[in-house]
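Student: Attaching a single structure in structure tokens format; questions to follow.
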Amino acid sequence: MPLWTWLIPVLSLALLLTALAVGVGTLLAVLCGVALAGAVIAAVHHAEVIAHRVGEPLGTLVLALAVTAIETALILSMMIAGGDDMAVLPRDAIYAAVMIICNGVVGICLLLGGLAHREQTFRVEGAGAGFAALIVMSTLTLILPVFTTSSPAGTYSSSQLAFVAVTSALLWAIFIFIQTVRHRDYFMPLADAANPDAHAEPPPTWKAWVSFGLLLVSLLAVVGLAKMLSPTIEQAVEAADAPRAVVGIVIATLVLLPETSAAVRAARADRLQSSMNLAVGSALACIGLTVPAVVLASSAFDLPLTLGLEPKDIAMLAVTFLMSAVTLGTGRTYMMQGAVHLVLFAAFLFLAFVP
């Protein structure tokens, strides 16, 4: 195991503890940014070691679950600390994560994969099932609160929140069962079955466990450093006179960096199936894990919670789902589809700054 693969996570965690103890000044903020980038690279390396050991689709599931669980903890901590001011943070973070994954991550993977390999393939059966669940979960969580009448616009009543939390968790659990047990072959790359000697020998079990521990340390450092940098980010957003929703976008981007890097590396290596598994699985986990936790925290601490999107965001989400249905329809992709997704992602970012 190379020296940097364990040294960077340890140093990043040490820097995080230092920042917690003494606060974040200008110099320490720069060091935290550098450590954040290093922790992302280390997290991707260890996730790939685990993925190579356990195989698809469990390998991509490990990274998706780890990142989403820590992202949820970050949202909850900011909600509890911020009180009423953070009522829209879960909405902004979930919406940003879905748009980043479905347009940014998928777009980059398809564009770079198309440039490198002209055309790539993946299993429609698995991606289509996950995407169908994502449409339903996103609609229940982000769109319907705008139209319900039992509570003020954009919010749910207590019973409605409970219903959405239970159904989101249930759909996510069923997808995981389909992905890992009942129809695991739907998420396996066809090339692996045709050429079993295409990959190197898997690492030993002890190395996979060490990588798992270092992956958790790296992800903890990523989220912790992102949280330490969030006041600096908020100040920069206020100085630029940008909408507050931009804070959620920046935080979601930082937290999703390990998954993005892993998905892009897989696409460039002509393993688009792994990229799609990671993208769809991450988007589903973002809602299936975050929404129940946020609802429980909202009820336990009597925190306000606004989930309904603005009209322009509903339109952007609808176009994203329509384009994603076209992308996932044939199981074959090329660079034009990636370019369209990236244009949607650019529009999402532009409209966040210029609503």
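Student: For Met336 and Phe163 in one chain, what is 0.36 nm times their gap in residues minus the Cα-Cα distance, to one decimal in nm?
Tutor: 58.3 nm
Student: Going by how many other Cβ atoms sit within 10 Å of their own, how do Arg182, Arg332, Arg91 line up, fewest first?
Tutor: Ranked by crowding around the Cβ, least crowded first: Arg182, Arg332, Arg91.
Student: A further question follows. Based only on other Cβ atoms within 10 Å, what is the fewest-to-most ordering of Val181, Val164?
Tutor: So the residues, fewest neighbours to most, are Val181, Val164.
Student: Ok, one more. Springs between alpha-carbon pairs under 10 angstrom, Gaussian network model over the chain: which of Val98, Val294, Val22 fluctuates most?
Tutor: Checking each option, the largest mean-square fluctuation is seen for Val22.
Student: Evaluate the Debye formula for the chain with equal point scatterers sitting on the alpha carbons, no solvent, and hand back log10 of I(q)/I(0) at q = 0.07, 0.11, 0.13 Å⁻¹, in q order, two decimals.
Tutor: Normalising to I(0) and taking log10 leaves -0.28, -0.73, -1.04.
Student: Let me know the shape class of region 4-52, please: from the alpha-carbon gyration tensor, a ≥ b ≥ c as square roots of the eigenvalues, rounded when a/c is under 1.5, otherwise prolate if a/b is greater than b/c, or oblate.
Tutor: Prolate is the answer for region 4-52, as a/c is 1.5 or above and a/b outweighs b/c.
Student: A further question follows. Between Glu310 and Asp85, what is the FRET efficiency for a Förster distance of 25 Å, r being their Cβ-Cβ separation, to the nearest 0.05?
Tutor: FRET efficiency, Glu310 to Asp85: 0.90.
Student: Further question: For Asp270 and Val30 in one chain, what is 0.36 nm times their gap in residues minus the Cα-Cα distance, to one decimal in nm?
Tutor: 82.9 nm
Student: Among Trp6, Trp209, which comes first, then next, by fewest other beta-carbon atoms within 10 Å?
Tutor: So the residues, fewest neighbours to most, are Trp209, Trp6.
Student: Explain nothing, just the number: dipole magnitude of region 164-301 about its Cα centre with +1 on each Lys and Arg Cβ and -1 on each Asp and Glu Cβ, in debye rounded to the nearest 20.
Tutor: Roughly 180 debye, rounded to the nearest 20.
Student: Just how far, in whole angstrom, is region 10-81 from region 118-145 if you go by their alpha carbon centroids?
Tutor: Cα centroid of region 118-145 versus Cα centroid of region 10-81: 26 Å apart.
Student: Give the shape of region 71-128 as rounded, prolate or oblate, defined through the alpha-carbon gyration tensor: a ≥ b ≥ c are the square roots of its eigenvalues, a/c under 1.5 means rounded, and otherwise the shape is prolate if a/b is larger than b/c and oblate if not.
Tutor: It comes out prolate by the Cα gyration axes.
Student: So for the chain, taking the charge dipole from beta-carbon charges (+1 Lys/Arg, -1 Asp/Glu), which of Leu342, Leu305, Gly25 sits furthest toward the positive end?
Tutor: Farthest towards the positive pole: Leu342.
Student: Using +1 at the Cβ of each Lys and Arg and -1 at the Cβ of each Asp and Glu in the chain, identify which of Asn277, Val295, Val247 lies farthest towards the dipole's positive end.
Tutor: Asn277
Student: Let me ask something else about it. Taking a point 7 angstrom from the Cα of Ile174 along the C-beta vector, which residues in region 110-146 have backbone N less than 13 Å away?
Tutor: 129-137, by backbone N distance to the label point.
Read-outs throughout are calculated quantities, based only on the coordinates presented, and are distinct from any laboratory measurement. The shown structure was predicted, so the numbers you read here are calculated from the model rather than taken from an experiment. Don't worry about glycine lacking a Cβ; one is built from the backbone with ideal geometry, like all the others, and counts go over all protein chains shown.
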